[in-house]
Amino acid sequence: MVSVLLRQVVNGKGKREERAAFIAALRRQVERALSEKRWRFADRFCDRILAEEPNDLQTWLIKGHLAWRYLDAPSTAVSCFQKVLILGGFESSNACVAQARASLAQLLAQLT
């Protein structure tokens, strides 16, 4: 009985570590795509991260900036920035939330 429980704990920990390593690898791919100015690839890797970590504020923020600045998709950018605000609890002390709020204000001013 104990061995079964230990295996479940070890397997669960292994899966978490494996998932964390996978997400870290995806983040490196986003950074690489950004440095190479491959905006669509960066966006796709952001989507893959968000499929694993749907509450990742930094990835939503990056996706919003990609949509706004490089992919000519302002409505997607607005949605991404709003997602950061909502997930971050509108807490301006959070750097991602503060950046999303500023970016959203700039974008909306640009659109009007």
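Bear in mind that the values in this text are calculations on the coordinates, not laboratory data. Just so you know, these numbers come straight off a predicted model, no measurement behind them. Glycine also receives a Cβ, built like all others from the backbone with ideal geometry; neighbour counts cover every protein chain displayed.
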Sort 51-61, 75-85 by packing, meaning the average of other beta carbons within 10 Å per residue, with the highest value first. 75-85, 51-61
Per DSSP H run of at least 4 residues, take -39500 (n - 2.57); add these up for the chain, divide by its residues and hand me the 222 nm value, nearest 500 deg cm²/dmol. -26500 deg cm²/dmol
Could you give the DSSP H helices of the chain that reach 18 angstrom or more along their long axis (alpha carbon positions) and whose average Kyte-Doolittle hydropathy is no lower than 0.5? 74-87, 95-111
Using the charge dipole of the chain (Lys, Arg: +1 at Cβ; Asp, Glu: -1 at Cβ; taken about the Cα centre), state which of Ser75, Ala20, Ile86 has its Cα farthest towards the positive end. Ala20
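Magnitude of the Cβ-charge dipole of region 2-111, K/R +1 and D/E -1, about the Cα centre, nearest 20 debye?
Values: 17 positive and 11 negative charges, 60 e Å.
Its charge dipole is roughly 280 debye.
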Could you list the square roots of 5 times each eigenvalue of the Cα gyration tensor of the chain, that is, the equivalent ellipsoid semi-axes, sorted largest first and rounded to whole Å? 33, 17, 9
